[in-house]
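The values are calculated or read from the model by the stated rules, or taken from the named source; none is laboratory data. From a predicted model like this one, the values you see are computed outputs, not experimental measurements. Cβ: placed from backbone, ideal geometry, glycine included. Neighbour counts: every protein chain shown. SASA here: full protein model, heavy atoms, side chains in, ligands and nucleic acids out. Shrake-Rupley method; radii C 1.70, N 1.55, O 1.52, S 1.80 Å.
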Amino acid sequence: MTKITVSAPGKVALFGEHAVVYGQPALVAAIDKRLYVSIEGRSDSLIKIHAMDLKIPGVVLTIGRSETDMAIETDFERIIDAVSYIKKAVDVASAYCGSMKGVNIHIKSEMPVGAGLGTSAAVSVATIMAYAEAAGHHLTEAEISSLGHKVESEVQGTASPMDTAVSTYGGLLLVRPSIGKTVMTSVKAGADLPLVVGYTPRECGTGEMLRRVRRLKESAPESVESILSAIGKVVSEAEAALTNGELRKLGTLMDINHGLLESIGVSTKKISEMVYSARSAGALGSKLTGAGGGGCTISLCPGKEQSVMTAISVVGCTSFKSSIARKGVTLECTE
Ligand code: MEV
């Protein structure tokens with residue numbers, strides 16, 4: 001039987017996370033770390049998922065087609081999370097393209113899963129495309145992005161379309177929420193953005209971080225609203241600096257954005273340690289990326305990548321070099 005392998009990139013929020021939930025713009029970028037999904041048909045009707053390299057302990061799970069048929073007893077919460085997205089993506093793709101019998105699905109990730117690097121979006125869009133290809137359908141990028149967003153929304157209850165869009169199209173996107181829809185435009189960077197991504201395990205998930213910001217905004221509405229609109233202004237200045245290739249200014253804006261995120265309580269001691277040590281090691285700017293509560297930082301550090309990575313390891317965290325990826329979701333091979 002034909003085996004289809006599709007890859008999709010992870011992402012970083014360069015600027016504007018959290019404020020985007022309240023209508024401010026944000027800048028997101030696909031990164032050169034990818035997640036791979038391979039799908040082949042089975043003669044029975046089972047969906048068998050091999051999640052062997054998610055940069056967390058791997059397992060093999062066999063689950064049936066019905067909602068209630070996913071009884072998994074394990075401590076590996078993040079694996080269960082990843083599996084929920086895969087199963088939903090198979091359901092959504094089969095409803096859209098017509099059902100196949102069972103499938104074997106293999107997943108591999110070049111980045112940690114559940115760390116705020118958009119792996120749930122990457123696994124959703126890659127599974128949608130791989131399943132559709134295996135069923136003989138060539139979906140457009142717009143179809144993949146929108147079906148991927150449906151998967152994230154149904155699993156999480158709510159989701160902004162930016163992660164699935166950037167994983168589908170690749171590159172850099174300016175996201176502008178407006179009533180009833182989100183407008184996303186591609187942005188061309190005037191220079192390379194050599195980044196170091198720092199990582200520390202998350203203390204709580206995106207949903208909880210979003211709730212915390214909402215509670216803070218309810219308790220101090222004027223202050224929090226002015227912080228969120230200041231983040232929006234940082235994004236506008238960053239878009240101009242990005243297109244003009246002004247890396248120093250971008251670094252300064254990253255530092256400002258981080259300060260504003262600290263002020264709404266989404267950083268942690270470890271995240272701040274990474275940010276401050278990266279700056280001391282020569283980064284032009286450093287900030288948390290994504291929802292916070294642990295997870296990842298990004299540091300803009302042309303020529304200083306090695307010292308920044310060493311500085312991050314000194315505070316007990318891991319890191320990797322990364323850059324912006326033009327390539328979005330991609331059919332890798334058909335065997
Ligand atoms: C996560 O990358 C960014 C948040 O703003 C959540 C979202 O926009 O969906 C925290």
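For the reader, a short list of remarks on this structure follows.
- Selected residue [open to solvent by less than 50 Å² (accessible area, probe 1.4 Å) and without any contact (Cβ under 8 Å) to a residue 40 or more places away in the chain] from Ala191, Ala241: Ala241
- Only one of Val83, Val92, Val113 that is out of contact with any Phe, Trp or Tyr (no Cβ under 7 Å at 6 or more places or on another chain), within 16 Å of the ligand (Cβ to nearest atom) and open to solvent by less than 20 Å² (accessible area, probe 1.4 Å): Val113
- Residue match in the stretch 116-138 (condition: out of contact with any helix residue (DSSP H, G or I) (no Cβ under 8 Å at 6 or more places or on another chain) and within 16 Å of the ligand (Cβ to nearest atom)): yes
- The residue pairs whose first member lies in the stretch 3-32 and is in contact (Cβ under 8 Å) with a residue 12 or more places away in the chain and away from the ligand (no atom under 11 Å from the Cβ), whose second member is basic (Lys, Arg) and not in a strand (DSSP E or B), and whose beta carbons are closer than 9 Å, counting only pairs six or more residues apart or on different chains, are Ser7/Lys327; Pro9/Lys327; Ala30/Arg326; Ala30/Lys327; Asp32/Lys327.
- Index of the failed condition, Leu284 passing every other in (1) in contact with a Phe, Trp or Tyr (Cβ under 6 Å, 6 or more places away or on another chain); (2) away from the ligand (no atom under 16 Å from the Cβ): (1)
- Residue within the stretch 211-224 that is within 27 Å of Ser145 (Cα to Cα), surrounded by fewer than 16 Cβ atoms within 10 Å (Cβ to Cβ) and within 15 Å of the ligand (Cβ to nearest atom) present: yes
- Among the candidates Val166, Val151, the residue that is within 15 Å of Val92 (Cα to Cα) and within 16 Å of the ligand (Cβ to nearest atom) is uniquely Val151.
- Selection count, the stretch 252-275, where residues are under 24 Å from Pro221 (Cα atoms), of a type in the set (A, V, I, L, M, F, W, C) and within 14 Å of the ligand (Cβ to nearest atom): 4
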